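The structure appears below as structure tokens.
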Amino acid sequence: MIRFISDLHLDPSRPDTIRAFFCFLENCQTDKINSLYILGDFFETWVGDDYIEPWVEQIIQELAKSNKHFPIYFMAGNRDFTLGKTFANKSKLTILKDPHTLTFKNKKILLMHGDLLCTEDLSYLKFRKVIRNPALLFILKRLPLKTRLNLASKLRDNSAKSMQQKKVNIMDATHEGVIKFTRKYDCEIIIHGHTHRPKIHDILIHDKHAIERITLGDWGKTAIGLELNEVNFDFKLIDYMN
Ligand code: MN
């Protein structure tokens, strides 16, 4: 059994979600899962691996503990893309690039955070390209902590403001995006988060290719994740909160 989760947006202001995550890890152990994939926006913000508050330290410890029982893979989202090797090493996580492909029983699965699939949100994609530029990232990571904290809160405000202005559909994954990436990586299944609209979608047919798409949910009132049974290749969205 493999589990996929995303968009927990862990933050000290939401201790319930942090607790739910720890329960979830324990449950993964009890259920003897084979591996866990975290597909981005695990943290609400990440200003750098050198800024580890006590609540983050606890998360590191729980991740490292769980890693003795099953491997945990981490792909960054738009909120935590500056998370780096120091955090990953401490928590014993394996970092994955976005996108990443998995193969099971000759089926290829594409894993993505999901922001790249929102192909109609041109202003965001443009911003993403700039901010993810390795040279700029190199500079960003070396700014004084205070500057980085200010920058993070400004970015959050701006993103909240622009989200209010944008039409809801612009911020959703498009068929065009789904087709573009699944065809490019020759995958028939895609699993992603980001949009906070958990769903096992209807099969999308394109050019005689059937594409199965699964969107993960965000955590808060619910804790929706995906379970893949590798024996019968069955996918199930489960609310781990209830
Ligand atoms: Mn996101």
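Filter the DSSP H helices in the chain by two things, a Kyte-Doolittle mean of at least -0.5 and an axial alpha-carbon span of 15 angstrom or more, and list the hits by number.
Working: long enough: 15-30 (23 Å, 0.12); 54-66 (18 Å, -0.18); 145-165 (30 Å, -0.98).
TM-like helix candidates: 15-30, 54-66.
For each of LEU228, LEU122, LEU102, count neighbouring Cβ atoms within 10 Å of the residue's Cβ, then give the residues from fewest to most. Walk me through the numbers on the way to the answer.
Values: LEU228 24, LEU122 10, LEU102 19.
Least crowded to most crowded, the residues run LEU122, LEU102, LEU228.
Order by neighbour count: TYR37, TYR185, fewest other Cβ atoms within 10 Å first, most last.
Details: TYR37 25, TYR185 16.
So the residues, fewest neighbours to most, are TYR185, TYR37.
So, in Å, what gap is there between the alpha-carbon centers of the stretch 204-227 and the stretch 98-126?
11
When only DSSP loop residues count, what trypsin sites (Lys or Arg not before Pro) in the stretch 121-207 have their Cβ near at most 15 other Cβ atoms within 10 Å?
Sites meeting the loop and neighbour criteria: ARG132, ARG142, LYS166, LYS167.
Going through the stretch 198-242, which chymotrypsin sites (Phe, Trp or Tyr not before Pro) have at most 16 other Cβ atoms within 10 Å and a DSSP loop state?
Counting only loop positions with at most 16 other Cβ atoms within 10 Å, the chymotrypsin sites (Phe, Trp or Tyr not before Pro) in the stretch 198-242 are PHE233.
What residues qualify as long-range amide H neighbours of ILE190, i.e. H under 5 Å apart, gap of 5 or more or another chain, H built at 1.01 Å from N?
LEU110, GLU212, ARG213, ILE214
May I ask for the net charge around SER66, where only other residues with Cβ less than 10 Å from the Cβ of SER66 are counted and Lys, Arg are +1 while Asp, Glu are -1? Working shown, then result.
Details: positive: LYS65, LYS68, LYS92; negative: GLU26, GLU62.
So the surrounding residues net to +1.
When the gyration tensor of the stretch 19-65 is built from Cα positions, what are the square roots of 5 times its three eigenvalues, in whole Å, from largest to smallest?
Equivalent ellipsoid semi-axes, largest first: 22, 12, 9 Å.
What area, in nm² and to one decimal, does the C-alpha convex hull of the stretch 165-209 cast on average over all directions?
Projected area, direction-averaged: 3.7 nm².
Could you order the peptides 73-81, 109-117 from most to least packed, using the average number of other C-beta atoms within 10 Å per residue?
Ranking the peptides 73-81, 109-117 by packing returns 109-117, 73-81.
At what distance in angstrom do the alpha carbon centres of the stretch 1-50 and the stretch 143-164 lie from each other?
Computed from Cα coordinates, the inter-centre distance equals 23 Å.
Arrange the following residues from fewest to most other Cβ atoms within 10 Å of their Cβ: HIS9, HIS192, HIS175.
HIS175, HIS9, HIS192
Check the straight Cα-Cα distances from LYS105 and name the aspartates and glutamates below 14 Å, setting aside those fewer than 8 residues away within the same chain.
GLU188, GLU230, ASP234
Could you tell me which residue out of SER66, ALA152, ALA173 lies farthest along the dipole of the chain toward its positive end? Charges go on the beta carbon: Lys and Arg +1, Asp and Glu -1, centred on the Cα centre.
Farthest towards the positive pole: ALA152.
Provide the FRET efficiency to the nearest 0.05 for the GLN58-THR101 pair, computing r from the beta carbons and using R0 = 35 Å.
Efficiency, rounded to the nearest 0.05: 0.60.
Below 18 Å, Cα to Cα, which lysines can LYS161 reach? Residues fewer than 8 away in the same chain don't count.
LYS126
Once R0 is set to 45 Å, what does the formula 1/(1 + (r/R0)^6) return for the Cβ-Cβ distance between HIS175 and LYS68, expressed as a FRET efficiency to the nearest 0.05?
0.65
How big is the equivalent ellipsoid of the stretch 107-182 along its three axes, where each semi-axis is √(5λ) from the Cα gyration tensor, reported in whole Å from largest to smallest?
With the √(5λ) rule applied to the stretch 107-182, the semi-axes are 27, 18, 10 Å.
Every number here is computed from the coordinates shown, using simple stated rules; none is lab data. No experiment lies behind these values; they were computed from the predicted model shown. Note that we place each Cβ from the backbone using ideal geometry, even for glycine, and neighbour counts take in every protein chain shown.
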